[in-house]
Amino acid sequence: MHDDHPDNPHAPVARDHPMTEFERRVDAVQTLLIEKGLITADQVRRRVEEMDSRSPTLGAKVIARAWVDPAFKARLLADAKAAIAELGIEFTQEAALVAVENTQKVHHVVVCTLCSCYPRGLLGYPPDWYKSLNYRSRVVVDPRGVLKEFGTEPPPDVEVRVLDSTADMRYLVIPARPAGTEGTSEAELAELVTRDSMIGVAQARTPALR
Ligand code: FE
């Protein structure tokens with residue numbers, strides 16, 4: 001239980017290990033903000049619940065629309081937050097959101113070299129490897145080597161661009177639309193869009209043979 005602040009009613013209830021230094025700091029700040037009346041515990045809970053509800057299916061919906069609607073794709077590339085709002089998706093993060101397109105000429109891959117900045121509002125929580133020092137340090141130095149470990153090998157004439165996210169800027173990769181999907185419906189296309197393809201370490205899936 002929450003031995004450090006036995007009277008603190010806002011203490012996380014799920015913790016079953018001793019608090020780390022970082023957790024103590026977060027807890028202290030949150031407790032102060034609540035005591036000073038700046039936020040409420042319910043607001044914190046609602047925000048966490050809202051973040052937990054996000055998943056890559058949101059991003060996949062956006063990508064599928066961009067694939068079938070060139071005008072939407074243009075708007076997405078021009079102003080991503082406004083474009084996703086058209087689909088009823090509110091990007092609650094304060095950071096700017098920038099969409100980039102993978103083509104036959106350029107392949108984008110996203111990292112946060114400093115920590116783990118990620119478009120959570122569209123993709124949910126980042127995978128563990130995205131947060132690892134290994135990925136963060138190596139992908140900027142040897143992007144093709146790291147991509148190869150993910151099974152992704154852009155042709156030599158394709159320029160590989162690494163985008164470094166920050167607290168102010170999040171990126172969404174629009175993967176190339178897979179070949180052979182001319183007659184595929186928007187909903188079926190969305191199923192080909194994976195989390196990793198929107199980070200840029202993978203291509204979108206190719207449709208299963210029928
Ligand atoms: Fe970060």
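The values are calculated or read from the model by the stated rules, or taken from the named source; none is laboratory data. Note that this is a predicted model, so its numbers are computed, not measured. Cβ: placed from backbone, ideal geometry, glycine included. Neighbour counts: every protein chain shown. Side chains included, ligands, DNA and RNA excluded: accessible areas come from the protein's heavy atoms. Shrake-Rupley method; radii C 1.70, N 1.55, O 1.52, S 1.80 Å.
The table below gives the values:
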{"read-out": "Ile39, Ile174, ranked by accessible area, largest first (probe 1.4 Å)", "value": "Ile39, Ile174"}
{"read-out": "Accessible area of the stretch 152-210 belonging to carbon and sulfur atoms, whole % at 1.4 Å probe", "value": "51 percent"}
{"read-out": "Dipole magnitude (debye, nearest 20) for the chain, charges at Cβ of Lys, Arg, Asp, Glu", "value": "520 debye"}
{"read-out": "For the chain, built as a Gaussian network whose Cα springs stay under 10 Å, the top-fluctuating residue of Glu101, Glu191, Glu149", "value": "Glu149"}
{"read-out": "At most 14 other Cβ within 10 Å, DSSP loop - trypsin sites (Lys or Arg not before Pro), the stretch 76-156", "value": "Lys105"}
{"read-out": "Ala208 paired with Lys148, simple spin-label distance in nm, labels 7 Å along Cα-to-beta-carbon", "value": "3.2 nm"}
{"read-out": "Residue-averaged 222 nm ellipticity for the chain, from DSSP H runs of 4+ at -39500 (n - 2.57), nearest 500", "value": "-11500 deg cm²/dmol"}
{"read-out": "Relative contact order [Cα under 8 Å, 6+ residues apart], the stretch 56-209, whole percent", "value": "31 percent"}
{"read-out": "³J(HN,Hα) computed for each position of the stretch 149-156 - Karplus, 6.51 cos²θ - 1.76 cosθ + 1.60, integer Hz, glycine/proline x", "value": "5, 8, x, 10, 10, x, x, x"}
{"read-out": "Whole-Hz ³J(HN,Hα) from phi, Karplus 6.51 cos²θ - 1.76 cosθ + 1.60, for the stretch 86-101, glycine and proline x", "value": "4, 8, x, 9, 9, 8, 7, 5, 6, 4, 5, 10, 10, 9, 10, 10"}
{"read-out": "The chain - Cys residues lacking any other Cys C-beta under 4.7 Å", "value": "Cys115"}
{"read-out": "GNM flexibility winner over the chain from Ala179, Ala71, Ala96 (Cα, springs under 10 Å)", "value": "Ala179"}
{"read-out": "Nitroxide proxy distance, nm - points 7 Å out along Cα→Cβ at Asp69 and Gln43", "value": "3.4 nm"}
{"read-out": "Lysine pairs meeting the criterion (Cα under 19 Å, 8 or more apart or interchain), as found in the chain", "value": "6"}
{"read-out": "Residues with amide H under 5 Å from that of Leu172, placed H, sequence gap 5 or more", "value": "Val98, Ala99, Val100"}
{"read-out": "Gain on full stretching of the segment that runs from Leu114 to Ala167 - 0.36 nm per residue minus C-alpha separation", "value": "18.1 nm"}
{"read-out": "Kyte-Doolittle at least -1.0, axis length at least 20 Å by Cα - qualifying DSSP helices, the chain", "value": "21-35"}
